[in-house]
Every structure is written in structure tokens, then in C-alpha cells.
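The values are calculated or read from the model by the stated rules, or taken from the named source; none is laboratory data. Note that the structure is a prediction, hence the values are computed from the model and not measured. In this analysis, Cβ positions are derived from the backbone assuming ideal geometry, glycine residues included, and neighbour counts consider all displayed protein chains.
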Amino acid sequence: MSERHLHTPLFYHKPFIISGPCSAETEDQLMETAQKLAKTGKINLLRAGIWKPRTKPGQFEGVGEKGLPWLASAGKETGIPTTTEVGNAKHVELISKYGISSVWIGARTTVNPFLVEEIAQALRGTTMPVIIKNPVNPDLELWTGALERVRSYTSGPIALIHRGFSAQHTGKYRNQPMWQIPIEMKRRFPEIPLICDPSHICGNRQLLAYVAQRSIDLNFDGLMLESHIDPDNAWSDAAQQITPEQLDLMLAQLIWRKPASNHTPFLDDLVRLRAEIDQTDDDLMQLLADRMKLADKIGALKKEHGITILQTERWNEILNRCLEKGIQMGLHADFIKNYINAVHMESIRHQNSVMNPTENS
Ligand code: PEP
Ligand code: MN
């Protein structure tokens, strides 16, 4: 067993790297993948799905219990702790029987408080390390609730995994990253390691390194990346898996930046730029407050003349004007839409309290 596994409690090595195939397929496939991963010297936890929650029936649903001794012996052979997904209490009972080192709760389970409660209860009183993936939908409270349930029954280490959120139109991603959600989890639980899973966010190989780098630059604590000795022929998630050799290369090419520094010239520049940011934020707040005073005046004028608050034509005109100007100034269209929509809603709220002063809006 290498140093990094012996002396660091699970999840607290930084960066913490989890890898292994999406699914255990055969004993040889798992052992060979594990050995090649071990050779990189960079892997802290060996993953393999034993029970696979597939979206549709008829797809490969995992080898089941017979894969557990394969995973246990791949872990023993390489000295890397192991992990697999549990979806119910029976799975927890089985992983304990075969000596798997840790478990993860998958995105399709985190959405279900009944199942999370059942799994947490099955782990009651243990110090089993548990990884909690975000729910498939972007619901911070569900993710937080799952963490609280697990924490209330067990005293082992816990980590969170960001694997993106499903949407009807995902664009270039299989699951939208929606970085604001893991950032908020990090703010709520600064002591809990947060790991990014670029494999399930991307659903393809091309974007893996890009997403991994983005998470590192947001000071995530580690990565979960699926790897397979023969990715194209994997029984699940073939499009997103890479070989252990490709993984090794990708990890070597990522740039691991520090979260902070005591270097004086850096700190001086940072303080100066942050003061400018604070001043700009103050100016923006003042401008927004001034804008709302104008909205109050418009509200009074419309009330006097019996005119409705919302005039779709005017709203379209504002939106298009801001989009055109903002894009020219280098702002992203999504940001402009979110921003101007929030301003417009606040403006409506102001006009409404002028028109209907008794209403508690
Ligand atoms: C997996 O890790 O293979 C998996 C099924 O992930 P998720 O729960 O994020 O879809
Ligand atoms: Mn997978």
C-alpha cells in the first residue's frame, strides 16, 4: 500500500482521485483496469459499479453480487481502497460482507429521501466512508438533506460529488454543470471534500479535461473519472470512459493551482483589485436603487392613468436592447437575460407596491 493511502484518512488527500470502470464487467477487466490505474500512482480510490441504475430497462444493469469479490480482490491486489454504488439497504449489507472500503450514493438515489434514509440506517453506527452524488435535479436542499441523513447515522468521512444535472436540452453536456450549485454546497459545508465527476457531466471524452480543469480552478478537492481498459467496448457509458494511460496523461496535464498565497506582491494586487470590485458593486447597487426610484415614478404615472404594469412590447424592447449592448461589451447572453429579468421583476414589484400599497408584496 502506498504512503498516500496509509497516512491520510479517506477523502482528505488533495487532490483526491477516484477512478475505475463505470461498471465491473468481468473479473479480468476489473483487475487489469485496477492494476493499470495503480501503476499511475495517482489513484486514491478504486470505483466500479456493481448495480447500475439505468434510465431505461433492457440496458446492462450491472453484474450484481458476484462482482463484489472481484472489486475486493482488485483493491487488495493494488492496495487501493474500493468503492461502489449502493441504492438500498440490501446493497449496504452485501458490500459490508465482501469488505468494500466505502460506498457512494448515486444521483438517482439522492433524489429519494426514503432510499437515502434506508441506506443511512443500514450504515448506522459504522464509520464507513460515504460519497454523496448530487441529485439529478438541481435541488440544493435534497443534496443537503441526503448529507444530513447520512451524517445523523454514521461517523465516518463523507464527501460530495458534483456530477451535473439533467435537463431536456443539455447542449454540449450530458448533465449540465450548473457550477453555482456545488459552489453553494462548498459555502454551506466548507469542511466536506467536494469532488467533481467530469465523466458524467460530459458524457464524452472530448470535454473531460476542460471540465476537470474548471473544477480545479474552483478549488474542488478531487476528481472522479471513469476509466476502462477498452473504453469503446465498455458495457455502460462507453462514450465517456478513457484508458488508465489516457487518465494518467490527463492528470499530468491539469494545472493544480493553490487556493491562497502569502506572496506579498500578489496580495497587494489582490487587495487593490478587490477594493475596485467593492467600489463597483457599491456603484451598481446605487444605480439599481436609482432605477427602482424611476420604476416607482412610472408606477405612480400608470396608476394615475389606469394603465397596467406589464407591457410586453416595452419589456421585449428592454430585453433586446440590453442583449445587444451587453453582448457588444463582452457579457454572456445567459447572464444578461438572468440579470435583466431579475431587474425587471424587482421593477414590477416596486410598481405593484405603488399601485396596490396595501398588498404585502
Ligand atoms: C456512476 O457513477 O456510474 C453513476 C451511475 O453515476 P450517477 O449516479 O452520477 O449517474
Ligand atoms: Mn457511469
- Item | Residue in segment 205-216 that is of a type in the set (Lys, Arg) and not assigned by TED's automatic domain parsing to the domain that holds residue 52 present | no
- Give me the pairs: first residue in segment 30-58 and in the same structural domain as residue 86 (by TED's automatic domain parsing), second residue within 14 Å of ligand 2 (Cβ to nearest atom) and part of a helix (DSSP H, G or I), beta-carbon distance under 7 Å, and six or more apart or on different chains, which are they? 53/108
- Query: If residue 282 passes every condition in (1) under 22 Å from residue 190 (Cα atoms); (2) over 26 Å from the mean Cα position of the chain (by Cα) but one, which one does it miss?
  - Reply: (1)
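To keep it simple, each residue is scored yes or no on (1) assigned by TED's automatic domain parsing to the domain that holds residue 17; (2) buried (at least 17 other Cβ atoms within 10 Å of the Cβ); (3) hydroxyl-bearing (Ser, Thr, Tyr).
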site	(1), (2), (3)
118	yes, yes, no
124	yes, no, no
147	yes, yes, no
154	yes, yes, yes
- Query: Which numbered condition trips up residue 295, out of (1) within 30 Å of residue 12 (Cβ to Cβ); (2) surrounded by 18 or more Cβ atoms within 10 Å (Cβ to Cβ); (3) away from ligand 1 (no atom under 16 Å from the Cβ); (4) aliphatic (A, V, I, L, M)?
  - Reply: (1)
- Message: With among the basic types (Lys, Arg) and either surrounded by 13 or more Cβ atoms within 10 Å (Cβ to Cβ) or within 27 Å of residue 180 (Cα to Cα) (or both) as the only criterion, which of 349, 314 stands out?
- Response: 349
- Please state which one of 36, 56 is at pLDDT 95 or above, more than 12 Å from ligand 1 (Cβ to nearest atom) and not acidic (Asp, Glu). 36
- Return the residue satisfying two criteria in turn: it lies in segment 63-110 and is within 16 Å of ligand 2 (Cβ to nearest atom) and aliphatic (A, V, I, L, M), and of such residues it is surrounded by the fewest Cβ atoms within 10 Å (Cβ to Cβ). 63
- When residue 219 is run through (1) touching a residue at least 40 places away in the same chain (Cβ under 8 Å); (2) on the phi < 0 side of the Ramachandran plot; (3) of a type outside the set (Lys, Arg), the failure sits at (2)
- Matching residues, segment 21-33, being within 16 Å of ligand 1 (Cβ to nearest atom) and either modelled with pLDDT under 95 or over 14 Å from residue 248 (Cβ atoms) (or both): 21, 22, 23, 24, 25, 29, 30
- Residue within segment 108-122 that is farther than 25 Å from residue 12 by Cα and not in a helix (DSSP H, G or I) present: yes
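Here is a yes/no grid of residues against (1) within 16 Å of ligand 2 (Cβ to nearest atom); (2) at pLDDT below 95; (3) more than 30 Å from residue 166 (Cβ to Cβ); (4) touching a Phe, Trp or Tyr at 6+ places or on another chain (Cβ under 9 Å):
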site: 198; (1), (2), (3), (4): yes, no, no, yes
site: 211; (1), (2), (3), (4): yes, no, no, yes
site: 220; (1), (2), (3), (4): no, no, no, no
site: 227; (1), (2), (3), (4): yes, no, no, no
site: 239; (1), (2), (3), (4): yes, no, no, no
site: 254; (1), (2), (3), (4): no, no, no, no
site: 269; (1), (2), (3), (4): no, no, yes, no
site: 281; (1), (2), (3), (4): no, no, yes, no
- Could you tell me whether residue 142 is under 22 Å from residue 164 (Cα atoms) and more than 11 Å from ligand 1 (Cβ to nearest atom)? yes
- Task: Evaluate segment 310-325: report whether one residue or more is within 12 Å of residue 350 (Cβ to Cβ) and either in contact (Cβ under 8 Å) with a residue 12 or more places away in the chain or touching a Pro at 6+ places or on another chain (Cβ under 6 Å) (or both).
- Result: no
